[in-house]
Amino acid sequence: MAIKLAILGNPNIGKSTLFNRLTGLQQKAGNFAGVTIEKKSGEFSVNGVYYELTDLPGTYSLIPKSPDEEVVFNHLALDSTQKPEVIIVVLDASNLERNLVLFSQVADLKIPSVVAINMVDVAENKGIKIDSDGLSRLLGCPVVMTNARSGKGLDEVKSSLGKARVPELNLFKPEEFLDSPSSALQLITFRTWLNWVGHKPELLDSKSLEILKELNISPDLAQARETINRYRKLKFLLKSVISGTEARPNSGFGFDSLALHPIFGYVLMLFILLGVFEAIFQLSNYPMELIDGLMANGIDFLNGILPEGIFKRLLIEGVMAGIQGIVIFVPQIAILFFLIGLLEESGYMARVMILLDRLMKKIGLSGKAIIPLISGVACAVPAIMATRNISNSRERLIAIFITPLMSCSARLPVFTLLIGMLVSDSAVYGPFSMQGLVLFSLYLIGLFGAILTAWILDRFMPSKESTPFILEIPPYQKPHWRNLWFSVFQKSKAFVFEAGKVILAISILLWMMAGFGPGNSIENAELKIKANQKSMTADELNRQVSSAKLEASYAGIAGKWIEPALQPMGFDWKIGVALITSFAAREVFVGTMSVLYASGAEGETEQLKVRMKAAKHPDSGLPVFNPACILSLLIFYIFAMQCMSTLAVSYRETGSWKWPFYQLVYMTGLAFGASTLVFQILK
Amino acid sequence: MVSLSVLPANHQALFVSCQIPGLNAKLADLGMIPGTIWKIVNQIPFSGPLVLSNGPIRISVRKEDADFIFMEENSK
């Protein structure tokens, strides 16, 4: 049996770096966008002893003030099945006093601990000297000096795990900081106290509850007094083991004079955010073409070696088309997560939160909603999870609700395909390509939809009192390339295997639906065309036959069935099929179109564009994909909730189906309305 | 005793108390302990958040919350 370990500490002090160092790539869950929102775990062994290590979200106190801090609270709860046997408490060497407040709470829980004092190099540069032996005696447990970035002290952390001890520090003295007769308060253990101030009175015994109720003090003030009491004692105790803290030059914040400048701060922010956006497309261009080419080669190869038959068709038109739809995304997703991770790791994201707080407040949000909104450009799933740093539940609900309206990377292939049909890639406007400008405006429309929705929600949702916006601003840091690489790797892997399963399954299902029909309707359709053929070329005949076969298939029947509802938006039944299949995930649209337009065998998007452009309405003979229809379809994909994963994560984060249901109805309604409007005006 | 929101940039003052229910524990968590000296680093325009610093700690609070955070001007 592996020994259960947990790693705990304030935010932004290199916990995750240490975690990555200890576990390597043996991790179970990806952490999203730089911060550890969900705890993740990994395993390692020291001299034959196995440890299962959990990285907990950064917290200042064991008493939760936001949903991400609640993860810590629940993990350490008495009835928790994952309750750690040993805790590694990570402390920032430059800010020991405050960091030790958290440690002293762990000590009062009587859990064997090891202290890792991290970022020792930064502290030494500031002239701070820490006597680690003295500190170890003071705290009553092993103390290791580390620099997680360089790996210094890592072996010592590992070897000290066997020497972990319940710390001797005992600072919890409620009778000192609450004006109350001490005899009764002495009965209150720290765990009882934790449950009381952590708003879990049901976990208290009646005697303790009575004592605490009689105090007549709010849990907020009680907590504040506890922290202040710990702080003051620690400040006094630390005097003997630490020196050089008086000077404490304020390093790592120099860039703020520009980043938070009333004018240049905003200019810089705009520049950086646009730069991120531009980089995603510029950098992913080449790898995407490469993957496209490789996949086409692979399909050609299979085409050559496999015997004709149903198995070959399934493999090439179903499975390979599905796989292509998955891996083609990986470059964009990886780059996007990398850049967002870079903004967070460097500390710049906190500045963006401050700069935009004022604006966000106008729509019922705070600067903290910036992370979900920006991450939403990558993927709504981690973005919705990132709302856990928002402590106000009303604000958090609004943020969860509007995040899927931000144009995520899954919309990108849909956009790319459709824009390619709408605007020639040679059209340029100054330094910008016309295609890029159209794409940019689609993102803006999504953003506008999100803002408008938040504004409406803010006006109509019952208002609770606002929670104050308060935020720690971390010093700027050189990005930890290792951390970034780890998280990009984990997320890409999660995408390929989690989303990939769904996409692959749908591709195969779709291939079957498109290839088979009730009875022998497909054979009949083929015979009918062949009987009517007069002076058709072989090519023309083939196209007519495959189109008629598709129409007679199950997919065709389903598309035809919903066609009347789609007509106001200018969509035909083939688009209808794609809307149905891409309900699970938007990117399935492109794969569906490839299957429907029988370009799957070639597997290249250029071919698909040509075939889609050639498609004509059977009655009128007019092109299906006229500009009005393409624009209407683009608008549809901006607004519609075509993502089962988002619905699932909304359910998980809000704790009921009510909100995902509202999201689904609202976004689909919005998409129908806006697309109809666009098509009816432009047709 | 003055309200934090009236202090000009680059001014230093001692934190005394906070009159916003629910904010006391969070301030203490971040190291805003009565008696600690804080410098007003920055004020985001259009009544945006204030940026305060104390040694290695830098935090940001909204101006309307700062109205109810009380400071003592540093006499030293």
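Data table
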quantity: Residue A:229 being closer than 30 Å to residue A:124 by Cα and either among the small types (Gly, Ala, Ser) or in the same structural domain as residue A:109 (by TED's automatic domain parsing) (or both); calculated: yes
quantity: Criterion: more than 14 Å from chain B (Cβ to nearest Cβ) and in contact (Cβ under 8 Å) with a residue 40 or more places away in the chain - qualifying residue of A:479, A:475; calculated: A:479
quantity: Search result, residues across segment A:224-269 that are on the phi > 0 side of the Ramachandran plot and among the small types (Gly, Ala, Ser); calculated: A:244, A:252
quantity: Top-ranked residue in segment A:410-454 [being of a type in the set (Ser, Thr, Tyr) and either assigned by TED's automatic domain parsing to the domain that holds residue A:283 or at pLDDT 90 or above (or both); ranked as farthest from the chain's Cα centre (by Cα)]; calculated: A:441
quantity: Residue A:267 more than 10 Å from every other protein chain (Cβ to nearest Cβ), part of a helix (DSSP H, G or I) and loosely packed, with under 13 Cβ neighbours inside 10 Å; calculated: yes
quantity: Residue in segment A:373-392 that is more than 15 Å from the chain's Cα centre (by Cα) and outside the structural domain of residue A:610 (by TED's automatic domain parsing) present; calculated: yes
quantity: Matching residues in segment A:400-431 - criterion: being over 18 Å from residue A:495 (Cβ atoms) and free of Cβ contacts under 8 Å to residues at least 60 places away in the same chain; calculated: A:402, A:423, A:424, A:425, A:426, A:427, A:428, A:429, A:430, A:431
quantity: Qualifying residue in segment A:117-124 (condition: part of a helix (DSSP H, G or I), crowded, with 20+ Cβ neighbours inside 10 Å, modelled with pLDDT under 90 and small (Gly, Ala, Ser)); calculated: yes
quantity: Filter result for residue A:107 (of a type in the set (A, V, I, L, M, F, W, C) and closer than 18 Å to residue A:5 by Cβ); calculated: yes
quantity: Residue satisfying all of: in segment A:218-247; in a loop (DSSP other than H, G, I, E, B) and surrounded by fewer than 17 Cβ atoms within 10 Å (Cβ to Cβ); farthest from the other protein chains (Cβ to nearest Cβ) among these; calculated: A:240
quantity: Residue match in segment A:645-664 (condition: closer than 30 Å to residue A:294 by Cβ and modelled with pLDDT under 85); calculated: yes
quantity: Subset tally (residues that are under 21 Å from residue A:626 (Cβ atoms), of a type outside the set (S, T, N, Q), modelled with pLDDT of 80 or more and out of contact with any Asp or Glu (no Cβ under 7 Å at 6 or more places or on another chain)) for segment A:552-600; calculated: 18
quantity: Tally of residues being part of a loop (DSSP other than H, G, I, E, B) and in contact with a helix residue (DSSP H, G or I) (Cβ under 7 Å, 6 or more places away or on another chain) across segment A:184-200; calculated: 5
quantity: Residue in segment A:207-216 that is at the interface with chain B (Cβ under 9 Å from one of its Cβ atoms) and in contact (Cβ under 8 Å) with a residue 24 or more places away in the chain present; calculated: no
quantity: Conditions (1) over 19 Å from residue A:246 (Cα atoms); (2) out of contact with any Pro (no Cβ under 7 Å at 6 or more places or on another chain); number of the one not met by residue B:16; calculated: (2)
quantity: Flag if residue A:140 is in contact with a strand residue (DSSP E or B) (Cβ under 9 Å, 6 or more places away or on another chain) and modelled with pLDDT of 90 or more; calculated: yes
quantity: Number of the exception - residue B:13 against (1) within 25 Å of residue A:362 (Cβ to Cβ); (2) part of a strand (DSSP E or B); (3) more than 12 Å from chain A (Cβ to nearest Cβ); calculated: (1)
quantity: Tally of residues being under 24 Å from the mean Cα position of the chain (by Cα) and free of Cβ contacts under 8 Å to residues at least 24 places away in the same chain across segment A:649-682; calculated: 10
quantity: Index of the failed condition, residue A:382 passing every other in (1) in contact (Cβ under 8 Å) with a residue 12 or more places away in the chain; (2) of a type outside the set (A, V, I, L, M); (3) in a loop (DSSP other than H, G, I, E, B); calculated: (3)
quantity: Selection count, segment A:54-113, where residues are within 29 Å of the chain's Cα centre (by Cα), acidic (Asp, Glu), within 14 Å of another protein chain (Cβ to nearest Cβ) and part of a helix (DSSP H, G or I); calculated: 2
quantity: Residues of segment B:48-76 classified as more than 7 Å from chain A (Cβ to nearest Cβ) and either touching a residue at least 24 places away in the same chain (Cβ under 8 Å) or closer than 19 Å to residue A:354 by Cα (or both), total; calculated: 14
quantity: Answer from A:136, A:113, A:104 - the residue that is among the small types (Gly, Ala, Ser) and out of contact with any Pro (no Cβ under 7 Å at 6 or more places or on another chain); calculated: A:104
quantity: Complete set of residues in segment B:16-30 that are more than 10 Å from chain A (Cβ to nearest Cβ) and over 12 Å from the mean Cα position of the chain (by Cα); calculated: B:19
quantity: Top-ranked residue in segment A:343-363 [being within 14 Å of chain B (Cβ to nearest Cβ) and not in a helix (DSSP H, G or I); ranked as farthest from residue A:329 (Cα to Cα)]; calculated: A:362
quantity: Members of segment B:36-47 that are within 7 Å of chain A (Cβ to nearest Cβ) and crowded, with 22+ Cβ neighbours inside 10 Å; calculated: B:42, B:44
quantity: Flag for residue B:33 being of a type in the set (A, V, I, L, M), within 11 Å of chain A (Cβ to nearest Cβ) and in a loop (DSSP other than H, G, I, E, B); calculated: yes
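The values are calculated or read from the model by the stated rules, or taken from the named source; none is laboratory data. Computed from a prediction, not measured in an experiment: that's the story for all the values here. Note that each Cβ is placed from the backbone with ideal geometry, even for glycine, and that neighbours are counted across all protein chains shown.
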